[in-house]
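Colleague: Please find one structure pasted underneath; my questions will follow.
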Amino acid sequence: MNKQPFNEWFVGFSDGESNFTIGLDKRGKTPNFNFRFMIGLHIDDKPLLKYILTNIGCGYIQDNKNKHASYFIITNPYHLKFILFPIFDSFPLNSTKHLDYLSFKKTLLMKLSESETSINKDKMIDNILNIKNNMNNKRSIFTLPYNHINITPYWLLGLIEAEGSFYLRRNSLTPVFSVTLTKVQQPLIEAIIKFLKGMLDPYSLIKADASKLFNLNIEKAKGNTKDKIKFSIFQLDFLVNIFIPFLESLNFKSKKSLDFYDFKIITLLIYQGKHLITDVKSYIFLLSYSMNNYRLSTNTDVKKNLNITYTTDKKLFYSIIEKFLSLPPLFILNDSGQIINYKTGDIVRDVFVIELIKTDNTVEIYPTITDTAISYKVSRNTISSLISNGRSLIDKEISKINKIRVYKKL
């Protein structure tokens, strides 16, 4: 059985949810150390921890006292050395957690190979204490090895299941996917964006580089928290035509698959313009109050119970949703590559780049009509007119200008 997809997923999930800790026991004559790898999740995710336990083949699961959280833990030094370490060595963690892993591994191997002489033992204790005091929250250096980060589909899925979020901005009916990490992980976020850009055709890539397809926001620290960086995507065409199909090609391991499925339904209904139908809009809102933290068994928010149909009869609820999905779309693609409201003819979205074919048959691509007009020192109206009537602009050595729709299905 090929375990590479699991290993990559597990490393991505660990980048988001795991921690490596070195405990210090001072009860004896000399300090003693214990080593622990742990993933802690909400109690509802205990089946996921069992899945991890089965695939890793060692460790144990433990609930906290109030039964609100569950933990997958490995403490056996030899299980850590011979089972866990090879996973992180063959496919390294991509976040700065990799540095904590290296410290954790170094100290454990140091402990396992300790000499019996008191001099060597004292030196070993000092070394471990020094490393321990520069790990995790005490770490001040976060520089990863050059070219270290390696994004793969299943690694990214693992991180998304750990730290990703699918939700609806209800005030604007905007579906949003986001990942929020500490600010020191910005190089990792940038690598994820580069990976996602690799899914784009050349036209879409130019548009993405010139616009806010991938949004980055810095969230300042509050209290004892650290500065965070939030990466989000809410461009509908990219979500529907590229990102959602990408995630559908992978196998989710956690209940985040339920959030993804609900997000997909919400996004498709809005993409098709069916949120303009009163009943559909109501169901979209109800579905959004069943996702993420509203899904948790410990959530007592009254908004969670707004949807009586959903909470009492999921089959009925989803049969209604399927009926809505089967309705003819209100937003359609016209011959010009624009998304329009077919009833009113109004343009809803027009996402394109400008392809300019020169008289010498070379091609130039510009992200907008404005960029094209500025480059050739003509008006926007001139460019728009050339596009609509198909005429050339010989004095500018332009034989043809086309609008090319972007973020299309792969």
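The values are calculated or read from the model by the stated rules, or taken from the named source; none is laboratory data. The model shown is predicted, which means the values in this text are computed figures rather than measured ones. All Cβ positions, even for glycine, are placed from backbone atoms using ideal geometry, and neighbour counts span all protein chains on display.
Colleague: Which residues, counting only those in the range 26-83, are touching a Cys at 6+ places or on another chain (Cβ under 7 Å) and crowded, with 17+ Cβ neighbours inside 10 Å?
Modeller: Answer for the range 26-83, where residues must be touching a Cys at 6+ places or on another chain (Cβ under 7 Å) and crowded, with 17+ Cβ neighbours inside 10 Å: just ILE74.
Colleague: What tally of residues in the range 89-103 results from selecting those that are within 19 Å of ASN133 (Cβ to Cβ) and touching a His at 6+ places or on another chain (Cβ under 6 Å)?
Modeller: Here the count works out to 0.
Colleague: Pick from the range 135-172 the residues that are surrounded by 14 or more Cβ atoms within 10 Å (Cβ to Cβ) and modelled with pLDDT under 85: which of them is farthest from TRP9 (Cα to Cα)?
Modeller: Per the stated criteria, the residue is ARG139.
Colleague: Just one of (1) among the aromatic types (Phe, Trp, Tyr); (2) buried (at least 17 other Cβ atoms within 10 Å of the Cβ); (3) free of Cβ contacts under 8 Å to residues at least 60 places away in the same chain trips up TYR261, so point out which.
Modeller: If we test TYR261 against (1) among the aromatic types (Phe, Trp, Tyr); (2) buried (at least 17 other Cβ atoms within 10 Å of the Cβ); (3) free of Cβ contacts under 8 Å to residues at least 60 places away in the same chain, just (2) comes out false.
Colleague: Please find, among ASN94, ASN66, the residue that is in a loop (DSSP other than H, G, I, E, B) and in contact (Cβ under 8 Å) with a residue 40 or more places away in the chain. Outline the logic, then answer.
Modeller: Details: ASN66 fails: in contact (Cβ under 8 Å) with a residue 40 or more places away in the chain.
Within the list ASN94, ASN66, the selection yields ASN94.
Colleague: Quick one: LEU250 ticks every box in (1) over 21 Å from LEU286 (Cβ atoms); (2) touching a Pro at 6+ places or on another chain (Cβ under 8 Å); (3) part of a helix (DSSP H, G or I) bar one, so which box is it?
Modeller: (3)
Colleague: Sticking with this structure for a sec: Which residue is nearest to ARG169 (Cα to Cα), if the candidates are limited to the range 216-236 and must be among the aliphatic types (A, V, I, L, M) and outside any strand (DSSP E or B)? Working first, answer last.
Modeller: So the first thing to find is which residues in the range 216-236 are among the aliphatic types (A, V, I, L, M), and the list is 216, 218, 221, 229, 233, 236.
This time we only want the ones that are outside any strand (DSSP E or B), so: 221, 236.
Values: ALA221: 23, LEU236: 13 Å.
The qualifying residue nearest to ARG169 (Cα to Cα) is LEU236.
Colleague: With (1) part of a helix (DSSP H, G or I); (2) surrounded by 14 or more Cβ atoms within 10 Å (Cβ to Cβ); (3) assigned by TED's automatic domain parsing to the domain that holds PRO245; (4) free of Cβ contacts under 8 Å to residues at least 60 places away in the same chain as the list, and MET124 as the residue in question, which single condition is left unmet?
Modeller: (3)
Colleague: Okay, next question. Can you list the helices (runs of 4 or more DSSP H) found entirely within the range 308-410 that contain at least 2 residues being touching a strand residue (DSSP E or B) at 6+ places or on another chain (Cβ under 7 Å) and without any contact (Cβ under 8 Å) to a residue 60 or more places away in the chain? Give the derivation first.
Modeller: Values: elements: 308-312, 314-326, 369-376, 380-389.
Qualifying helices (runs of 4 or more DSSP H): 369-376, 380-389.
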